[in-house]
1. Collect the residues in the stretch 37-66 that are over 16 Å from residue 86 (Cβ atoms) and at pLDDT below 95, keeping them in residue-number order.
2. Looking at (1) touching a residue at least 40 places away in the same chain (Cβ under 8 Å); (2) buried (at least 19 other Cβ atoms within 10 Å of the Cβ); (3) in a helix (DSSP H, G or I), which is the one condition that is false for residue 123?
3. Just to verify a result, which residue in the stretch 189-201, among those that are out of contact with any strand residue (DSSP E or B) (no Cβ under 8 Å at 6 or more places or on another chain) and touching a residue at least 60 places away in the same chain (Cβ under 8 Å), is farthest from residue 255 (Cα to Cα)?
4. Looking at 165, 179, 169, 151, can you tell me which residue is surrounded by 17 or more Cβ atoms within 10 Å (Cβ to Cβ), in contact with a helix residue (DSSP H, G or I) (Cβ under 8 Å, 6 or more places away or on another chain) and more than 27 Å from residue 295 (Cβ to Cβ)?
5. Which one of these is under 21 Å from the mean Cα position of the chain (by Cα) and farther than 30 Å from residue 15 by Cβ: 211, 244, 288?
6. How many of the residues in the stretch 241-260 are without any contact (Cβ under 8 Å) to a residue 40 or more places away in the chain and within 15 Å of residue 201 (Cα to Cα)?
7. I'd like to check something: does the stretch 289-299 contain any residue that is under 21 Å from residue 175 (Cβ atoms) and surrounded by 20 or more Cβ atoms within 10 Å (Cβ to Cβ)?
8. Here's a check for you: in the stretch 274-288, which residue that is at pLDDT 90 or above and assigned to a loop (DSSP other than H, G, I, E, B) is surrounded by the most Cβ atoms within 10 Å (Cβ to Cβ)?
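The values are calculated or read from the model by the stated rules, or taken from the named source; none is laboratory data. All figures in this text were calculated on a predicted structure; none of them were measured in a lab. All Cβ positions, glycine included, derive from the backbone under ideal geometry; neighbour counts span all protein chains shown.
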């Protein structure tokens, strides 16, 4: 594949850690194309890293210098104000701009979507991770590219799981338990409900234990820095319901890809979503995936009605008791081919801008 290192690309968005859908996407994007383009970064993560300029430093001069010195401005901002600020300054300096819209964690009035849609047209290319985003923003066909946020993981580069988690899985396997995993970037609320559905996972675990079903539920929260009391409240709830042997809630830093590799079922009970990285990773790793029907999900996902505990319980119980948990959807050869397809797509996208 040809080398394109002469093109300098400035990426703005959250760099890991912490590990969320957008930061993981950016990290994998860089690894996929690091021999093809020259990258520079503006980090928007709440966790500052010594090797990267962080927007929270409020060093406006350095921010402008980075934009001025790049050829292509590649915007992954999750915060809408930052998104628009980046677009404005990219335009002021006459840069080619690719804007990636990963989703919305708020539900503003329709006219706000319309205004945002107009402002986003400052970008030369607008990548949306699902069709719903495009339609709600009234974006023009000529600028839009529909592409899921998922980029296949390089499984060989993923770090091994912490010893405590590995031991928990090994002991659970020896007892014949089904391993269920779920994750959240951080514990927050949307429409006054638990965004990532941790409350539903705890409730459904309680019901399944009462039915005598053998399982262990591992729920990973990437960061608790901004809302630690919510994490400890749920941890106490698990203990109060005598679920300690069946539900493991952790904020320990780990590779969720590695955890999924060793899981039987992946669940995604969110009450809003963009294009879930977790879901596509689960399918890529040949796992059973159960998710809320809050947005259109990829083919192969088993759906339950959003925030409907009875339906969640019914579908999860059925998956646990099925015997074909190891059914393969992607062979190693297919996985390798898919990675090359993603690489070709993104090279063409960056060259087109």
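1. Hits for the stretch 37-66 are 46, 47, 48, 49, 50, 51.
2. (3)
3. The residue in question is 191.
4. Matching residue, one of 165, 179, 169, 151: 165.
5. Numbers: 211 fails: under 21 Å from the mean Cα position of the chain (by Cα); 244 fails: under 21 Å from the mean Cα position of the chain (by Cα).
Only one candidate qualifies: 288.
6. Summing the residues that are without any contact (Cβ under 8 Å) to a residue 40 or more places away in the chain and within 15 Å of residue 201 (Cα to Cα) in the stretch 241-260 gives 4.
7. No.
8. Here the answer is 276.
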